[in-house]
1. Starting from the exponent 0.38 and prefactor 2.2 Å, build the expected Rg for the range 331-474 from its residue count and divide its actual Cα Rg by it.
2. Please list the equivalent ellipsoid semi-axes of the chain, computed as the square roots of five times the alpha-carbon gyration tensor eigenvalues, in descending order and whole angstrom.
3. With a point put 7 Å past each Cα toward its Cβ, work out how far Thr67 is from Ala93 in nm, to one decimal.
4. Take each complete run of DSSP H in the chain, measure how far its Cα atoms stretch along the helix's own axis, and keep only those covering 18 Å or more with mean Kyte-Doolittle hydropathy at least -0.5; list them.
5. Kindly work out what percent of the DSSP beta bridges joining two residues of the chain are antiparallel, to the nearest 5.
6. Rolling a 1.4 angstrom probe over the protein heavy atoms, how many square angstrom per residue are accessible across the chain?
7. Carbon and sulfur together cover what percent of the accessible area of the range 407-463 at a 1.4 Å probe radius?
8. Taking R0 as 30 Å, what FRET efficiency do you get between Thr40 and Asp285 from their Cβ-Cβ distance, rounded to the nearest 0.05?
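The values are calculated or read from the model by the stated rules, or taken from the named source; none is laboratory data. Computed from a prediction, not measured in an experiment: that's the story for all the values here. Here the Cβ positions follow ideal geometry from the backbone for every residue, glycine too, while neighbour counts run over all protein chains shown. All accessible areas refer to the heavy atoms of the entire protein, side chains included, with ligands and DNA or RNA removed. Shrake-Rupley method; radii C 1.70, N 1.55, O 1.52, S 1.80 Å.
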Amino acid sequence: MNEQRLKEFEYVLSPGSIAVVGASRDETKFGTGYLRGLLTTGFKGDVYAVHPDGGKILGVDAYPSLTDIPGPVDYVIVSIPAKYIIPLLDDCAIKGVKAVQMFTAGFKESGTEEGRSLEMEITKRAKEGGFHIVGPNCIGVYNPRINMPYGMAGVIGEVGSVSVISQSGGVGGKVVKAGMLRGIHFNKVVSFGNGCDLDSVDYFEYFAQDPQTEIIGAYLEGVADGPRLFHLLRETAAIKPVVIWKGGRTPAGAATANSHTGSLAASDTVWTAMARQAGVVKVGDADELSDALLALQYIRKAPGNRLSIVAGIMGGGGGDSVSSTDTCSLLGLQVLPFSDETRKHLVTLLPTAGSILRNPLDMGSVGANLGIMEKTLEIVATDPCVDLIIIQDPIDDLISFLGRDLVRAINDIFVRFSGNHSKPLIVVSPMGAPSPDQREIEGMLSYAHIPVFPTLERAAKAIINVNQYYQHHT
């Protein structure tokens, strides 16, 4: 990707000014929702509205047409019926717009000849007009660095190094929401829908060279140029982790993908082989995609597959110990017995009554003793058969039993431990209906680069995916 092409993508993914065509005084309209989102998050650029009646919408000057806007416009968000698109694109060319994002649907994905013809025409107009199209039939771009929200969501998360490409606006939204709740720090996210102009391959090519992007995630339903995608994935995965969830893996799913974004999906066998050869991580759903991105964000080398599990901070870990061992073993991770030296040290520290001094470890009734908790982690970390440590930390339940301050102090120990040791520490805390205190403590762990998962199975799968990536590229 040459310098000119890179600059074009900067306008697509980091525009300096945005006009919303389709905003109105009816606050239930999607165009108004986009405008409200930009204003709520404080987009770092000029924001305009376009409406035939002019006036003001949500306090912003509305212009009768795009060409009436006095200042430059980099990016246009379109939420109007498809039949009005062509005249608008002519105005975009006159105005010198760089990118047009179409929430508008009714193109190739409709399965009609009229829709296919209109999509071909808008692609032609974009090429002639010197601008790019994001979409049609998409949510568009999320860029927290410039306070550009995902669609109509007036929320911005912390800026990071994870960028995501999603053919589905809904899937992109789920990943963004999960990331904000769980500490995935995004750099850029794009939902590209039908991808009539820019498709997944173009975005992969850009993110491969984007210095702000260190990890790439993707949800894809199909691709127009399979060989080019394979070549890019192989080159990109050699320098940055790439995680892909492929939709349309079954015949029924492929048919749905065709009606969703007009994509023709290759067989799951082909995608699996391509992912393996390219060295990318292939996942099966939105949760596994988010989990892999979270783990890769904080674990930057193969952690190994030998786990120590602290299954009971305050007793009651016997059943968890059995199920945890089963879960990890079935997924291919090892929960090996502690060495004799480790057990000897644990015996001097923990009472034999009520504790299980093997791996998984149940600390019995003394887990709330901060000094013992800290020493226990230090002992476990020195075991030569332990590559990483998983803490089963039911924060909400512990708060109801021990109180907020003590549970926070326990988790402070995990934060200190993580900062002082190279062996990764992972926390498993069930989600349920988490309290504000639980969200605060999980945020504290995330800030300390400790990934938090709602189940041990999801944590184990994430570890396997991180191992898979780094073992392939060493």
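1. Normalised Rg, Cα atoms only: 1.06.
2. The answer is 48, 24, 17 Å, longest axis first.
3. 1.2 nm
4. Membrane-span-like by this rule: 169-182, 286-298, 318-331, 404-420.
5. Roughly 15 percent of the DSSP beta bridges within the chain come out antiparallel.
6. 40 Å²
7. C and S atoms contribute 55 percent here.
8. 0.50
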